[in-house]
Amino acid sequence: MEKQPTIWSALGQHLEIARTLRGLEIRFNPERCTGVWECYAVCPVGCWTPDYKNRVAIFHDGELCIACGACVLQCPENAIELKPA
Ligand code: SF4
Ligand code: SF4
């Protein structure tokens with residue numbers, strides 16, 4: 001019988017994909033950020049946190065980033081780029 005994936009094996013797979021894709025990394029310019037939280041809303045792996053007080057996004061977990069590009073496409077201020085590491 002095939003072994004069912006666990007949350008830990010799924011996380012391990014995710015990190016493996018992330019490592020493969022990490023030829024690209026996020027470059028974030030907080031000076032352009034106007035705090036609309038699109039990045040926070042679209043990131044599938046939770047790399048962004050809203051700093052509501054200062055109305056600026058915080059990119060806090062580059063280890064999890066799979067370079068999907070969703071935040072880059074959604075940011076209305078062009079505050080986020082994906083560039084070769
Ligand atoms: S590129 Fe994708 S995974 Fe990486 S921070 Fe942006 S939305 Fe999240
Ligand atoms: S989508 Fe762009 S402007 Fe909006 S919070 Fe994220 S980085 Fe800032």
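What follows is calculated from the coordinates using simple rules that are stated; it is not laboratory data. Everything numeric here is computed off the predicted structure, so don't read it as measured data. A quick note on method: Cβ atoms are made from the backbone with ideal geometry, for glycine too, and the neighbour counts reach across all protein chains shown.
Taking the range 32-85, which residues are near ligand 2 (Cβ under 9 Å from one of its atoms), surrounded by 14 or more Cβ atoms within 10 Å (Cβ to Cβ) and of a type in the set (Ser, Thr, Tyr)?
Tyr40
Condition test on Leu11, is it within 12 Å of ligand 1 (Cβ to nearest atom), surrounded by fewer than 16 Cβ atoms within 10 Å (Cβ to Cβ) and of a type in the set (A, V, I, L, M, F, W, C)? Before the answer, list the steps.
Numbers: within 12 Å of ligand 1 (Cβ to nearest atom): no; surrounded by fewer than 16 Cβ atoms within 10 Å (Cβ to Cβ): yes; of a type in the set (A, V, I, L, M, F, W, C): yes.
Answer is no for this residue.
Looking for something within 8 Å of ligand 1 (Cβ to nearest atom) and either among the small types (Gly, Ala, Ser) or not in a loop (DSSP other than H, G, I, E, B) (or both) - is there at least one such residue anywhere in the range 47-59?
Residues of the range 47-59 that are within 8 Å of ligand 1 (Cβ to nearest atom), as a first pass: 47-48, 59.
Then drop every residue that is not either among the small types (Gly, Ala, Ser) or not in a loop (DSSP other than H, G, I, E, B) (or both), which leaves 48, 59.
Yes - at least one qualifying residue is present in the range 47-59.
If you take the residues in the range 21-41 that are free of Cβ contacts under 8 Å to residues at least 60 places away in the same chain, in contact with a Cys (Cβ under 9 Å, 6 or more places away or on another chain) and assigned to a strand (DSSP E or B), which one is farthest from ligand 1 (Cβ to nearest atom)?
Ranking the candidates gives Phe28 first.
Which ones in the range 59-85 are touching a residue at least 40 places away in the same chain (Cβ under 8 Å) and either among the small types (Gly, Ala, Ser) or at positive phi (or both)?
Ala67, Asn78, Ala79, Ala85
Could you grab me the full set of residues in the range 1-37 that are within 29 Å of Glu81 (Cβ to Cβ), more than 16 Å from the chain's Cα centre (by Cα) and of a type in the set (S, T, N, Q)?
Within the range 1-37, Gln13, Thr34 meet the criteria.
Go through the range 60-78 residue by residue and tally those that are among the hydrophobic types (A, V, I, L, M, F, W, C), farther than 14 Å from Glu25 by Cβ and more than 6 Å from ligand 1 (Cβ to nearest atom).
Step one: filter the range 60-78 for residues among the hydrophobic types (A, V, I, L, M, F, W, C), giving 64-68, 70-73, 75.
Imposing the further condition that a residue be farther than 14 Å from Glu25 by Cβ reduces the set to 70, 73, 75.
From what is left, the residues that are more than 6 Å from ligand 1 (Cβ to nearest atom) are 73, 75.
Going through the range 60-78 one residue at a time, the tally reaches 2.
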